[in-house]
Amino acid sequence: MPDPTAHDSQTFIAHVADLNEKEVLLLVEERLAQGENPLVIIEDCQEGLRQVGERYERQEYYLSGLIMGGEIFREVMELVQPIIQEKFTGKESGVILLGTVQGDIHDIGKNNLSMLLTCYGFSVHDLGVDVPPAKFLQQAEQVRPNVIGLSGLLTTSYDAMKETIDLIRGSEDAALRTVPIIIGGNQLNEQVCQYVGADYWLTDAMSGVRLCQKLLHRSS
Ligand code: B12
């Protein structure tokens with residue numbers, strides 16, 4: 001049977017890719033009013049931004065297009081966040097250390113993950129963007145997280161991820177030598193995961209929440 005929301009999704013994604021801010025926000029309001037899952041709206045927005053990125057690569061958009069895309073996503077998040085906070089709750093008790101690696105300032109996806117983890121009850125230490133490997137290590141030693149999440153969207157971020165993970169794995173603190181490390185970002189794959197020495201790689205935030213839940217229940 002055809003999915004009745006498929007048409008809405010396609011129109012919405014096209015408006016995000018075309019950077020039609022007004023239409024995007026109107027459609028978000030409509031979709032929320034129809035009771036649609038806010039996570040699906042975020043997924044569609046992510047796909048729209050992926051297409052913005054492709055247009056930038058083809059030189060159909062300039063840097064301003066990426067900036068505008070980011071701004072539209074921020075505005076969409078303002079609309080969906082209250083509903084997510086109401087709908088998705090939990091009583092998890094683990095500590096997650098999170099940050100975007102050195103040289104990379106993309107934080108929309110990381111912030112999204114941070115918000116979802118917080119909704120589920122995790123205690124999130126978010127170090128922000130452009131985080132040097134030494135700062136990750138120092139904070140990890142201080143916070144003693146159950147899971148570490150590194151975000152990165154640039155291909156040049158892989159070396160920063162590797163450096164960060166090498167440093168954490170070489171720590172004198174035995175717990176940090178085995179703490180689960182997840183890398184996240186749109187462009188990742190198994191090869192990158194192996195290259196940087198992470199335990200897991202993911203391309204969406206909700207899977208990140210589920211994985212943290214699984215890892216914590218396994219260790220408790
Ligand atoms: C918006 C955007 C920007 C904005 C970022 C604003 C911000 N505050 O983040 C601005 C304008 C600043 C920007 C700058 C640049 N950008 Co940019 N940007 C994008 C764009 C269009 C969307 C990114 C985004 O926010 N997506 C939406 C979010 C929700 O998706 P996400 O980040 O993937 O996150 C999801 C998952 O990946 C996951 N996740 C993310 N992190 C983590 C972490 C963990 C632990 C887990 C579990 C999950 C997880 O959860 C999220 C939600 O489900 C992408 C295109 C794309 N394909 O993604 C290009 C893109 C990433 N940018 C790119 C480039 C080239 C740049 C610049 C170098 C441009 C320039 N010439 O200056 C600079 C780099 C600046 C820097 N040093 O970091 C390229 C990278 C190419 C490459 N191979 O390296 C891309 C792919 C565009 C393209 N196709 O060419 N960019």
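Readers should treat all values here as calculations from the given coordinates under stated rules, not as data from a laboratory. All values reported here derive from a predicted model rather than from experimental measurement. When we count neighbours, we look across all protein chains shown, and the Cβ atoms used for this are built from the backbone with ideal geometry, even at glycine.
Values for this structure:
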{"read-out": "Neighbourhood net charge (9 Å Cβ-Cβ; Lys/Arg +1, Asp/Glu -1) for residue 8", "value": "-2"}
{"read-out": "Most mobile of 132, 82, 38 in a GNM of the chain (Cα contacts under 10 Å)", "value": "82"}
{"read-out": "GluC sites (Glu not before Pro) within region 110-219: DSSP coil, no more than 11 neighbouring Cβ in 10 Å", "value": "172"}
{"read-out": "Charged-residue dipole, Cβ positions (Lys, Arg, Asp, Glu), region 1-142 about Cα centre, Debye nearest 20", "value": "380"}
{"read-out": "Residue order, fewest to most surrounding Cβ atoms within 10 angstrom, among 217, 15, 125", "value": "217, 125, 15"}
{"read-out": "Options 139, 120, 150, ranked by Cα towards positive dipole end of region 95-219, top entry (Cβ charges)", "value": "120"}
{"read-out": "Loop-resident sites, region 33-87, for GluC sites (Glu not before Pro), counting at most 14 other Cβ within 10 Å (DSSP)", "value": "60"}
{"read-out": "Gain on full stretching of the segment that runs from residue 173 to residue 68 - 0.36 nm per residue minus C-alpha separation", "value": "33.5 nm"}
{"read-out": "Zone of residue 134's modelled label, taken as backbone nitrogen in region 157-184 under 18 Å from a point 7 Å along Cα→Cβ", "value": "160-173"}
{"read-out": "Size of electric dipole in region 132-178: Cβ of Lys, Arg +1 and of Asp, Glu -1, about Cα centre, debye, nearest 20", "value": "120"}
{"read-out": "FRET efficiency for residue 29 and residue 186, using Cβ-Cβ distance with R0 set to 22 Å, rounded to 0.05", "value": "0.25"}
{"read-out": "Principal-axis tilt of helix 133-143 within the chain, Cα atoms, nearest 10 degrees", "value": "80"}
{"read-out": "Two-site label geometry, residue 81 and residue 217: point separation in nm, points 7 Å out along Cα→Cβ", "value": "2.9"}
{"read-out": "On Cα atoms only, tilt of 21-33 relative to the major axis of the chain in degrees", "value": "80"}
{"read-out": "Convex hull per residue volume in Å³, alpha carbons only, for region 108-220", "value": "96"}
{"read-out": "Partners for residue 214 among lysines (Cα-Cα distance below 22 Å; same-chain residues under 8 apart left out)", "value": "87, 91, 110"}
{"read-out": "Extension gain (nm, one decimal) between residue 194 and residue 43, 0.36 nm per residue minus Cα-Cα", "value": "51.8 nm"}
